[in-house]
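Working notes for the structure below.
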Amino acid sequence: MRFDPARRPSDDERILPLINVVFLLLIFFMLAGSLAALDPFEVAPPRSASEGLDETREVLVLVGADGRLALDGVPATDASFEAALTKRLGEAGDAARVRLKADGRAEAGRVVEVMERLHEAGVERVILLTVPDAR
């Protein structure tokens, strides 16, 4: 009786399980990971019919539905907001642009008040962030 010698597995057959594991890990981390920084409180921007280009982030001011303020993701009181804003604008330079992200349920008077405070602090351009209206 004659038996053929055992065939050695090829290199391709040995690396396939490794490739499968790497792709599974890649998919897991893509689904589980978070690439964006989270806001300190929930802000739902108002809807807008116009679309604008997202510019580079310099200073981000958040206004919550209840009127709370945050500067670059750090909650601030009304008193500490102006000092932190002045410091942050000094770091950003003369042509500092501010992105204002206000909750759609926030009072318009509060948003205007924050915009006036930004103007008094020397901000020349405020970009109001909105989301496109889905009609």
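Does the stretch 80-102 contain at least one residue that is assigned to a loop (DSSP other than H, G, I, E, B) and at pLDDT 85 or above? So far as the stretch 80-102 goes, no, none of its residues is assigned to a loop (DSSP other than H, G, I, E, B) and at pLDDT 85 or above. Can you pull out the residues in the stretch 1-39 that are within 30 Å of ARG105 (Cα to Cα) and modelled with pLDDT of 75 or more? Residue satisfying the conditions is GLY33 alone.
The values are calculated or read from the model by the stated rules, or taken from the named source; none is laboratory data. As the structure is a computational prediction, the values presented were derived from the model and not from experiment.
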